[in-house]
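**Student:** Before anything else, here's the structure in question.
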């Protein structure tokens, strides 16, 4: 087990955290396990691929466009679909978002075939050396963005007026409505924000590795694990849990071989959930 | 308002039930639908999901042979020509669905024989169904020993024609040694069935070439992060990278090798490098990477010229390499039905057993464990195209050390 | 939101009726339905037999999920854990110990039930979404463990000895019996004192203990019964699949299928999961697969339409619509005063 392995493991965890942030937000505010979250992430990567094919935009030039499109999509999705489903109980939300995931996978397979693809960027093939440790540059960037997003989100939630409105709406929707908060609008904006975060994660994921229409499932499962371990809706917790997951995976791979990488994640997930149902760092903002 | 909603709902629900009822009513209709001059052949393929790339190529291969036969007037069975109705279903890469669909194809649609889906995960449950229902089943895209050993009692109605794992390991290791004089090998295999099967074989093949295996790395199929493995392989001084994994994992592995400054002479990732998207995903990084070929235009089998003439412009070599074995499997099945002169399952099955001749994938003859060995070759990606490099093809030079990573 | 959804779940009316009579009537209807299915298997061809076998197994699976999710209010995302362990127990006892399929299936049921009981202790401490996520974590961990466990051949998988697999007619009967057991269990759970208390727990798990109901005990029983029923269904799946790998048997897709069937058909009702299993397995999975490239679009689209526009599921919708139509005809045939006519979705609670 050497420093390179461990540090790159932590950096990979940054990517997990980035992918998980949006899920955490929706889970925390809307009490919805969004099974379509992985599809949003993969969809962003495909959108960037399409922008490259059509306009030859590099992934990072395409990123702002993808973010805006994803946010709009999230907003519309919540307005026309999710609100109504959620009113019918959590099981409708799960089935509805599962249906969206099925539709998304079908659309990606139809448009881009089922073969794996990837976003090309020189960032993914460059490394930086820090004190004798070689780091993948794309992971360094992903980790930095994850920290920035988590920090921004934390600040926004805790220190701004919009943040307190959001927290109020999450804590007690009915009372918030009585206080004059447009809860439906707040929820729709939350999903838009979550989709935008998913888009950032998706493009970075697509740059750093390969993806396929069905990549959403494993992304979703890791994200759920990270969210629960960090505490639902706890932004800082999600970030730390993501990094910790990456580190734990690297350690277990070094000790027991790669076959146990998933096993480690899910056992950790289960144990933390049982020992501390509200996550290692508590439930956070909501 | 309430009334309108209510009426709309009633209409919606009744139309849903009507749809269901129509479907139920259609059961006998479809099974009786096979007219006197038509035979039905069923195939449940992984058209979407993780194996979707393979399934799509299978569809191309199976359909092409059926179209060929139908265009020539149909399949001759006992002096009468029958049109072939190829019924394809999508199992979305799920074993349970693949098994259920194989059953439905036989019991509901009246398929007289089945063509198989790619990989043992899909194909073996289908072969089990064929065994239970006594229906001839021919498949490909399943390495021989994994398929042959899947039924300890021995297959009866199921047949597989593909390469042998040991040959695969040997050919890959040989080519690696042609390309690099460094004798240090790093092995990357995922924990899918075939990965587990292949890893010790690669290890043995490398050793028999006098190479030493300095790192073996295994990981679950969806893994896309490899930094710790790459660091370890680089530290061990490996210059030959051999692996077997899904395309998404393969693309990630090559990118991360480049990023972490690991520049081996040889990279061949079987299963991963088989799709056109390999080049799309990696671009010039993929230059010089190896790819397995289960068919190659350089091989000059029966019908190669015709295949190139019909498809050469539309389909790339890497797609053809994956579609022609399926084309060949359909050829073998139809040939046997004609030979049997009947659609009787036992007789067709006996005719398959006697197969001994030249088809699109080379000479096909089934051994005792119901598998036929078809050749295995190595190709190399150069400028978005694949060229056969092992066994060496005339006029093609192997690019070594791998230019993409240098 | 949760409470509004639950309070609209149909069947509340049933509580006002004499419990035994209602339950006994349902069991009687079940026997008649079983006999009809038996006759159908007799006259139907091979197509009906193979379709029926799988459909019955799915009915059992959906009903098992419904008992836990619909009656007890515990949303499980861990169906695969019990399908998987049962199928593996069956295959291993049959291949390594030479057991017959009934013994193997019994072993599967016992193992699945035991696992369910063991998991109940940590999992039942969790509430709502956390319970759901906990069952998911347990299943994923089991899958990853089996992938690495050489005793079960790692990810290479195992198979049931193919010569020991019963013929098509017998498989149909096995499936039918398994489905009858599952539906019968649901009826007993629904229309008994046990069921009433369960409902009380589902509606308010803080008030129930004050009335002397042992919340944990009830939920433990339900979890074990549900696990055993899933184990039964898993046995049928194992026999029809013959060969399988961990990723297929511990898959998330088992949960999704069961959940989708129950929600589409009507959660918390006895007939709903049956309707849902028929609609989803027969309507979507089987019939739509005839359109290979479009099937996934159809599947996703239909699911969305149903959850969006038919609140509560198909069966309760049919019941309500019938009542509503009857009520409009005149007061003489009014049979359901206690339930209001179907209303548009309630105003947002948010």
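Rule-based calculations on the coordinates, nothing more; no lab input. Just so it is clear, the model here is predicted, and its values are computed rather than measured. A quick note on method: Cβ atoms are made from the backbone with ideal geometry, for glycine too, and the neighbour counts reach across all protein chains shown.
**Student:** Using only Cα atoms, figure out Rg for the range B:228-356 and give it as a multiple of 2.2 N^0.38 Å.
**Tutor:** Details: Rg = 20.2 Å, N = 129, 2.2 N^0.38 = 13.9 Å.
Against the empirical 2.2 N^0.38 Å value, I get 1.45 for the range B:228-356.
**Student:** In addition: Would you work out the relative contact order for chain B, in percent, from Cα pairs under 8 angstrom that are 6 or more residues apart? Working shown, then result.
**Tutor:** Details: 824 pairs, mean separation 68.3, N = 406.
Relative CO of chain B lands at 17 percent.
**Student:** Average partner chain C-beta neighbours within 10 Å, per residue of C:301-314?
**Tutor:** Values: counts 4, 4, 7, 10, 3, 7, 13, 9, 6, 5, 7, 3, 3, 3.
Across the residues of C:301-314, the mean count of other-chain Cβ atoms within 10 Å is 6.
**Student:** Could I ask something else about it? What FRET efficiency would be calculated for the residue pair residue A:172, residue C:210, taking the C-beta separation as r and a Förster radius of 25 Å, to the nearest 0.05? Could the numbers behind the result be given before it?
**Tutor:** Values: r = 25 Å, r/R0 = 0.99.
So, using R0 = 25 Å, E works out to roughly 0.50.
**Student:** Continuing with this model, one more query. Quote the Stokes-Einstein diffusion coefficient, in whole µm² s⁻¹, for the range C:206-289, based on the Kirkwood radius over alpha carbon pairs, a temperature of 37 °C and a viscosity of 0.692 mPa s.
**Tutor:** Numbers: Rh = 15.1 Å.
D, rounded to a whole number, is 218 µm²/s.
**Student:** Restricting to the protein assembly as shown, compute how many DSSP beta bridges are antiparallel as a %, nearest 5. Please list the in-between numbers first.
**Tutor:** Details: 24 of 61 bridges.
DSSP beta bridges in the protein assembly as shown are roughly 40 percent antiparallel.
**Student:** A further question on this structure: Give the average, rounded to an integer, of partner chain Cβ atoms located within 10 angstrom of each Cβ in B:246-253. Walk me through the intermediate numbers first.
**Tutor:** Working: counts 5, 8, 11, 3, 3, 8, 8, 2.
If you average over the peptide's residues, the count of other-chain Cβ atoms is 6.
**Student:** For q = 0.06, 0.09, 0.10 Å⁻¹, what log10 I(q)/I(0) does the protein assembly as shown give under the Debye formula with an equal point scatterer on each alpha carbon and no solvent?
**Tutor:** Debye intensities relative to I(0), on a log10 scale: -0.44, -1.02, -1.27.
**Student:** Using a 10 Å cut-off on Cβ atoms, rank the peptides B:78-88, B:167-177, A:88-98 from the highest mean neighbour count down.
**Tutor:** Working: B:78-88: 16.5, B:167-177: 22.3, A:88-98: 23.8.
Ranked from most to least packed, the peptides come out as A:88-98, B:167-177, B:78-88.
**Student:** Please tell me the relative contact order of chain C in percent, rounded to the nearest whole number, where contacts are Cα pairs under 8 Å and at least six residues apart.
**Tutor:** Details: 504 pairs, mean separation 97.8, N = 350.
With pairs under 8 Å counted, the relative contact order is 28 percent.
**Student:** Return, ordered by residue number, the residues of the range B:338-376 whose backbone nitrogen is under 18 Å from a label point located 7 Å along Cα→Cβ of residue B:306.
**Tutor:** Residues passing the 18 Å test: B:338-339, B:356-364.
**Student:** Going by average Cβ density within 10 Å per residue, which order do the peptides A:238-249, C:35-46 take, highest to lowest? Mind showing how you got there, number by number?
**Tutor:** On the way: A:238-249: 25.9, C:35-46: 13.3.
Answer by packing, highest mean first, reads A:238-249, C:35-46.
**Student:** Could you give the angle, 0 to 90 degrees to the nearest 10, between helix A:137-159's Cα long axis and the longest principal axis of the Cα atoms of chain A?
**Tutor:** 20 degrees
**Student:** In whole percent, what relative contact order does chain A give with Cα contacts below 8 Å and a gap of six or more residues? Present the calculation step by step, with values, prior to reporting the outcome.
**Tutor:** Values: 489 pairs, mean separation 107.0, N = 286.
Relative contact order for chain A comes out at 37 percent.
**Student:** Zone of residue C:149 (label point 7 Å along Cα→Cβ, backbone N under 13 Å): which residues in the range A:257-279?
**Tutor:** none
**Student:** Test of understanding: ordering B:134, B:370 by Cβ neighbours within 10 Å, fewest first, what list do you get? Mind showing how you got there, number by number?
**Tutor:** On the way: B:134 12, B:370 23.
Ascending number of Cβ neighbours within 10 Å: B:134, B:370.
**Student:** Sticking with this one: R0 = 35 Å: FRET efficiency of residue B:314 with residue B:153, Cβ-based, nearest 0.05?
**Tutor:** Working: r = 43 Å, r/R0 = 1.23.
That gives a FRET efficiency of 0.20.
**Student:** Under the 0.36 nm per residue contour assumption, what length would be gained going from the current alpha-carbon distance of residue C:169 and residue C:220 to full extension?
**Tutor:** On the way: separation 51, 0.36 × 51 = 18.36 nm, distance 3.59 nm.
Taking 0.36 nm per residue and subtracting the Cα distance, the gain is 14.8 nm.
**Student:** Taking every residue in C:274-287, how many Cβ atoms of other protein chains lie within 10 Å of its Cβ, on average?
**Tutor:** Counting Cβ atoms of other protein chains within 10 Å of each residue's Cβ and averaging gives 3.
**Student:** Between residue B:76 and residue C:32, what is the spin-label point distance in nm, taking each point 7 Å from the Cα along the Cα→C-beta axis?
**Tutor:** 6.1 nm
**Student:** Continuing with this model, one more query. Could you sort the peptides B:318-327, B:246-255, B:203-212 by per-residue average Cβ neighbour count (10 Å cutoff), highest mean leading?
**Tutor:** B:246-255, B:318-327, B:203-212
**Student:** Right, here's the next one. Which FRET efficiency value, to the nearest 0.05, do you get for residue A:68 and residue A:126 by plugging their Cβ-Cβ distance into 1/(1 + (r/R0)^6) with R0 = 30 Å?
**Tutor:** Values: r = 27 Å, r/R0 = 0.91.
It comes out at approximately 0.65.
**Student:** Same structure, new question: Kirkwood Rh, Cα Rg: Rg to Rh for the range B:101-187? Walk me through the numbers on the way to the answer.
**Tutor:** Values: Rg = 17.2 Å, Rh = 14.6 Å.
For the range B:101-187, the value is 1.18.
**Student:** Label residue B:204 and residue B:365 with points 7 Å out from Cα along Cα→Cβ: what is the distance between them in nm?
**Tutor:** According to this spin-label approximation, the distance is 2.4 nm.
**Student:** Shifting gears a bit: Give, to the nearest whole percent, the P(r) tail of the range A:109-171 beyond 20 angstrom, counting all Cα pairs.
**Tutor:** Details: 1139 of 1953 pairs.
The answer is 58 percent, as a whole percent.
**Student:** Quick one: what Rg and Dmax do you get for the range C:25-307 from the alpha carbons, in Å?
**Tutor:** Over the range C:25-307's Cα set, Rg and Dmax evaluate to 18.4, 56 Å.
**Student:** Listing A:187, A:52, A:155, B:188 from the residue with the fewest other Cβ atoms within 10 Å to the one with the most, what is the order?
**Tutor:** Details: A:187 26, A:52 17, A:155 12, B:188 30.
Going from sparsest to densest Cβ surroundings: A:155, A:52, A:187, B:188.
**Student:** Could you work out, for chain B, what percent of all Cα-Cα pairs fall into each 20 Å distance bin, beginning at 0 Å and stopping at the bin that holds the largest distance?
**Tutor:** All Cα pairs considered, the percentages come to 27, 51, 20, 3, 0.
**Student:** I'm checking a number: the convex hull volume of the Cα atoms of the range C:118-251, normalised per residue, in Å³. What is it?
**Tutor:** Numbers: hull volume 15.5 nm³, N = 134.
Normalising the Cα hull of the range C:118-251 by residue number yields 116 Å³.
**Student:** Cα-Cα pairs above 30 Å in the range A:3-223: how many percent?
**Tutor:** On the way: 6060 of 24310 pairs.
Summing the P(r) tail past 30 Å for the range A:3-223 gives 25 percent.
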